[in-house]
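Working notes, beginning with the structure itself.
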Amino acid sequence: MEQQTIYLFVHVILEVEDHKPLLKNVLRVVYFSWLKKTMAEKGVRLQAIGGGEDHVHLLVQLHPAQNLMQVVRQLKDESLSFIGSNHFSALANEGRTDVAGVEMLYVVLEPS
């Protein structure tokens, strides 16, 4: 019997503090590319990335062995190091905490 592969897809939103428009178009393009590459080196797949001048939407693909809280913390820390300040916070659906309340979807991939 072939094994199923299960992934968790998580929608993470990073917000710039006080909705400051820090992520101008050119910076945003460079940041998105850099973050995708940096996180891939850490074993985290960013399936989609987008957003505006004051926020970033990320669709993160997690393997069941990966820790959601650690991955979101890494996303925030890497973003802070790129921007060079403490302007980023992770948005939460159930209150404004660092890494809680993200949207999740399980996907089971059947072997072909």
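Quick note: the coordinates plus some simple rules give every number you see, no bench work behind them. Quick caveat, the model's predicted, so the values are computed rather than measured.
Tabulated values for the structure
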| read-out | value |
| --- | --- |
| Added length on full extension, which subtracts the Cα-Cα distance from 0.36 nm per residue, residue 80 to residue 63 | 3.7 nm |
| Contour excess over end-to-end distance, with Cα ends at residue 40 and residue 3 and 0.36 nm allotted per residue | 10.9 nm |
| Å³ per residue enclosed by the Cα convex hull of the range 1-79 | 87 |
